[in-house]
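Asks: Encoded as structure tokens, here's the structure I'll be asking about.
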Amino acid sequence: MPKFTIDGKEIEVAAGTTVIQAALAAGIHIPHFCWHPDLAVDGNCRMCLVEVEKMPKLQIACNTQVAEGMVVRTNSDKAAQAHRTTLEFLLVNHPIDCPVCDQAGECYLQDQYMDHGLHESNVEIEEKVRKRKVVDLGPIMLDAERCVLCSRCIRFEREVTATNSFEFSNRGNQMQIGTFQNQPIRHDYAGNLADVCPVGALLSHDFRFKMRVWFLKEHESVCPGCSTGCNIHVDERDGETQRLRPRRNVEVNKSWMCDPGRKLYKDIAVTTRISGARLKRPAGWEGVAVTAALDEVGSWIKGSGNTVAFVASPQATNEDLFAFKALADCVGGLLDFRVGDPQLKLHERIDGVLQRADRNPNTQGALDLGLGKDGVAEILKRCASGSVRALVLQGPELLRSPEAVDALAKVPFIAVFATHEGPELEHAHAVLPLSLWAEVEGTFTNYQRRVQRIRKAVSAPGDARPGWELASGLLQRAGGSLPAQSAREVFARLQATVPGYAGLDYKIIGSGGRALQTAEPAAVEARA
């Protein structure tokens, strides 16, 4: 654990720590372009030069390891001059098109010029070097004139996706990045190329010309696209979600997320959202108040006794699942969640990066809470025999299963919690409006058994409510109760009764999540 001094502050770091990593840990920002915490060091931009006592020349902070007694100055006259000179060199041929560049507000070159530049150029040129602009690479747009040749995109494709689509071509001031014959990016992680680009050379096709980033408000959350549970930012403006971005968590997704996960923002504010409750009458669907729908469903549950069945959803939060199980336990009906056997796909990888075959965010949470109880096959068998008078679904997954159609047709009453309209809802008799993951507070447990928080980013449409609130309303009408006024209070009750979750609360879980103590997921992962 060497001790060293940086800008007059003495700190102790682990052996092998680089100066730039140690500076970040101490709250000191060293300007840089090519360095990235989750990519190998390249050291080609020379922006992170710092002065190290007893060394005759400035050193790059990204590749200089801390040594005992080292004294580093990041803002000395020599270091500051090096930063200005590097910026001047980069700006000689960089187009000054900030007013039309989507990277404005998130551009390293902009920010670092304001912090470390503000100089008058001593370089005289007649005309800037012209390179390719507006090159369509499928999900990514390339503007080679803006590129600072940091090689982040090249290293990402070499080290993370192993696709090696990008390369440098030409030499000198004509050097530029590109793909072979401008072929489009075809892998599922193209959005990360726009994230790692420090300037406006690589831009997301989806977000291009859509929104100035300073209008956006970010919220921490977790991607609901699969059992990996990537940490993300939900960026919204005026209650409308505009994009999803990865949030760094070394233990889960590092700095990456897949493109299918990014596209999930499109499901939040769409015209197909269910905003109110409805009941099926002889003449057709009738829109009713949520309380009236809960009264109707509660009446069927109470009147059906142990001939009622419940199918939970691994799309739901732990809080939703806990309340739903409390409802099933109160009535004594059949209970399970394993439509399509997601537990068998929980650890199975689609690729070598992040995506998993289980496309649910909370299969592990459902297992932990004991919702894998009676078996979906047994529930359908009872439905087909006419032994189930009422069926309550926490999500529409079972209604989408072709194998379940005949069995469900024998059930007199089916109630479903749903977020979006779909043809499968015609099989139901009551539809309760459910809030989406971006509209609620709660937790998911990923395949590693890491409990992670999701936070409310936007408001739910109309009368849509969190799943735990709908289940709690039905529980009250069935003769039970769940004394909780918020998701936080539901989780407090959950941790008091579920093995492994004891002692957890939202504060302890924090931004990075909290792994439950178990060796089981690691062992499964090793076998995979």
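The values are calculated or read from the model by the stated rules, or taken from the named source; none is laboratory data. Note that the structure is predicted; figures quoted are calculated from it, not measured. Glycine gets a Cβ as well: all are built from the backbone with ideal geometry, and neighbour counts include every protein chain shown. For the accessible areas, the whole protein counts, side chains as well, though only heavy atoms, and no ligand, DNA or RNA atoms are used. Shrake-Rupley method; radii C 1.70, N 1.55, O 1.52, S 1.80 Å.
Asks: Does at least one position in the range 334-341 carry a residue that is over 25 Å from the mean Cα position of the chain (by Cα) and more than 21 Å from Y447 (Cα to Cα)?
Replies: Just the residues of the range 334-341 that are over 25 Å from the mean Cα position of the chain (by Cα), to begin with: 334-336.
Add one more test, that the residue is more than 21 Å from Y447 (Cα to Cα), and what stays is 334-335.
Yes - at least one qualifying residue is present in the range 334-341.
Asks: Can I ask one more? Checking T317 against (1) modelled with pLDDT under 95; (2) under 18 Å from G225 (Cα atoms); (3) among the β-branched types (V, I, T), which single condition isn't satisfied?
Replies: Single failed check for T317: (1).
Asks: Before we move on, is A15 surrounded by 19 or more Cβ atoms within 10 Å (Cβ to Cβ) and either touching a residue at least 60 places away in the same chain (Cβ under 8 Å) or farther than 22 Å from C147 by Cα (or both)?
Replies: On the way: surrounded by 19 or more Cβ atoms within 10 Å (Cβ to Cβ): no; either touching a residue at least 60 places away in the same chain (Cβ under 8 Å) or farther than 22 Å from C147 by Cα (or both): yes.
No, not satisfied.
Asks: Across the range 36-48, what is the number of residues that are within 28 Å of the chain's Cα centre (by Cα) and either over 23 Å from M175 (Cα atoms) or buried (at least 24 other Cβ atoms within 10 Å of the Cβ) (or both)?
Replies: Within the range 36-48, residues that are within 28 Å of the chain's Cα centre (by Cα) and either over 23 Å from M175 (Cα atoms) or buried (at least 24 other Cβ atoms within 10 Å of the Cβ) (or both) number 2.
Asks: Mind counting the residues in the range 308-352 that are not hydroxyl-bearing (S, T, Y) and not in a helix (DSSP H, G or I)? Reasoning before the result, please.
Replies: Quick first cut of the range 308-352, residues not hydroxyl-bearing (S, T, Y) only: 308-312, 314-316, 318-352.
With the extra rule that they be not in a helix (DSSP H, G or I), the set shrinks to 308-312, 314-316, 332-341, 345-352.
The qualifying residues number 26.
Asks: Additional query: Write out, first by first residue and then by second, each pair whose Cβ atoms fall under 7 Å of each other, whose residues are 6+ apart or on separate chains, and whose first residue, in the range 286-306, is closer than 10 Å to L432 by Cα while the second is of a type in the set (D, E, K, R) and assigned to a helix (DSSP H, G or I).
Replies: Note: pairs meeting the criteria are L294/R477.
Asks: Criterion first (open to solvent by 10 Å² or more (accessible area, probe 1.4 Å), assigned to a helix (DSSP H, G or I) and in the same structural domain as R449 (by TED's automatic domain parsing)) does A366 satisfy it?
Replies: Working: open to solvent by 10 Å² or more (accessible area, probe 1.4 Å): no; assigned to a helix (DSSP H, G or I): yes; in the same structural domain as R449 (by TED's automatic domain parsing): yes.
No; evaluated as a whole, the condition is false for this residue.
Asks: If you check A309 against the conditions, is it small (G, A, S), open to solvent by less than 10 Å² (accessible area, probe 1.4 Å) and in contact with a Gly (Cβ under 7 Å, 6 or more places away or on another chain)?
Replies: Working: small (G, A, S): yes; open to solvent by less than 10 Å² (accessible area, probe 1.4 Å): yes; in contact with a Gly (Cβ under 7 Å, 6 or more places away or on another chain): yes.
When the stated conditions are applied, A309 passes them.
Asks: Continuing with the same structure: If you go through the range 80-97 one residue at a time, do you hit one that is more than 24 Å from S169 (Cα to Cα), open to solvent by 20 Å² or more (accessible area, probe 1.4 Å) and touching a Gly at 6+ places or on another chain (Cβ under 7 Å)?
Replies: Checked the range 80-97: at least one residue is more than 24 Å from S169 (Cα to Cα), open to solvent by 20 Å² or more (accessible area, probe 1.4 Å) and touching a Gly at 6+ places or on another chain (Cβ under 7 Å).
Asks: For the range 27-77, enumerate the residues that are touching a residue at least 60 places away in the same chain (Cβ under 8 Å) and outside any loop (DSSP other than H, G, I, E, B).
Replies: V71, V72, R73
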